[in-house]
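> Once you've had a glance at the structure underneath, I'll fire off some questions.
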Amino acid sequence: MKIGVLALQGAVAEHIKMIESAGAEGVVVKKTDQLPDLDGIIIPGGESTTIGKLMRDYGFIEAIRTFYEQGKPVFGTCAGLIILADEIVGQEQAHLQLMNMKVQRNAFGRQRESFETELAIKGIEERVRAVFIRAPLIKEVGAEVDVLSTHNGEIVAARQGRLLAASFHPELTNDYRMHQYFLDMVKEAKSSSVQ
Ligand code: GLN
């Protein structure tokens, strides 16, 4: 399995390392013509307005929408989660608009710009250590969205079919189970598209 990491800006190398630890091939993605060769893609953390602008400039908005429509999974972490959302609180410009959720950027305020915690995540047996950095929150989700994790009652991870979103940075610990979870989604998507 080949999993791409969108490498326009943000935390790329760490995701590649986690993909490889979880047993797949990690591909640094800089051009849209690399997409057809991939089985899934991760949109990393960074700065969502910058990533969104670069995605538009390089044709990735349309290209990743098509990639998804062809049956391939997409995982957004932190800024990548914001990029996936249908709606961003107080912001006109949304990006991929693939996932039925409303997100708020920098939702933890100044006191808690970055912190670590242990999260219970549906589908993963033991708690996962999660690093939050100027993280977004998922404020509302549509009926087709499955909430996978909450922190203090607020949604921090969710799945909608082939779309996975996490407020935190799963690539910044030694625990690759979130990546493993995504790889399982990719496997599932691959086997159902073969029929
Ligand atoms: N605060 C960033 C944004 O709104 C996201 C932070 C991150 O990806 N660590 O884009």
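The values are calculated or read from the model by the stated rules, or taken from the named source; none is laboratory data. In this text, all values refer to a predicted model and were calculated from it rather than measured experimentally. Using ideal geometry, Cβ is built from the backbone for each residue, glycine included, and neighbour counts are taken over all protein chains shown.
So that you can scan it fast, the table gives a plain yes or no per residue for (1) among the small types (Gly, Ala, Ser); (2) closer than 20 Å to Leu172 by Cα; (3) in contact (Cβ under 8 Å) with a residue 24 or more places away in the chain:
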site	(1), (2), (3)
Glu69	no, no, no
Val74	no, yes, yes
Gly80	yes, yes, yes
Ile83	no, yes, yes
Met101	no, no, yes
Pro136	no, yes, yes
Gly142	yes, no, yes
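> Here's something else I'd like to know. If Ala79 meets every condition in (1) exposed (fewer than 15 other Cβ atoms within 10 Å of the Cβ); (2) within 12 Å of the ligand (Cβ to nearest atom); (3) aliphatic (A, V, I, L, M) apart from one, which number is that one?
Status for Ala79: all satisfied but (1).
> Check Ser21 against each of (1) small (Gly, Ala, Ser); (2) within 16 Å of the ligand (Cβ to nearest atom); (3) more than 26 Å from Gln93 (Cα to Cα) and name the one condition it does not meet.
With respect to (1) small (Gly, Ala, Ser); (2) within 16 Å of the ligand (Cβ to nearest atom); (3) more than 26 Å from Gln93 (Cα to Cα), Ser21 is out only on (2).
> Val147 fails exactly one of the following numbered conditions: (1) surrounded by 20 or more Cβ atoms within 10 Å (Cβ to Cβ); (2) modelled with pLDDT of 95 or more. What is the number of that condition?
Answer for Val147: the failing condition is (1).
> Within the set of pairs 6 or more residues apart or between chains, which connect a residue that is closer than 15 Å to Ala157 by Cβ inside region 110-127 to a residue that is of a type in the set (Gly, Ala, Ser) and not in a strand (DSSP E or B) with Cβ atoms less than 6 Å apart?
From region 110-127, the pairs are Arg127/Ala120.
> Shifting gears a bit: Filter region 1-31 for residues that are free of Cβ contacts under 8 Å to residues at least 40 places away in the same chain, surrounded by 15 or more Cβ atoms within 10 Å (Cβ to Cβ) and closer than 26 Å to Ser191 by Cβ and give the result.
Lys2, Gly4, Val5, Ile16, Gly26, Val27, Val29
> Ok, one more. Among the numbered conditions (1) surrounded by 14 or more Cβ atoms within 10 Å (Cβ to Cβ); (2) within 16 Å of the ligand (Cβ to nearest atom); (3) more than 21 Å from Ile16 (Cα to Cα), tell me where Arg65 comes up short.
For Arg65, the failing item is (2).
> If we scan region 172-191, do we find a residue that is under 17 Å from Leu38 (Cα atoms), exposed (fewer than 14 other Cβ atoms within 10 Å of the Cβ) and at pLDDT below 95?
yes
> Here's a check for you: in region 95-115, which residue that is modelled with pLDDT of 95 or more and more than 13 Å from the ligand (Cβ to nearest atom) is surrounded by the fewest Cβ atoms within 10 Å (Cβ to Cβ)?
For region 95-115, the residue satisfying everything is Gln97.
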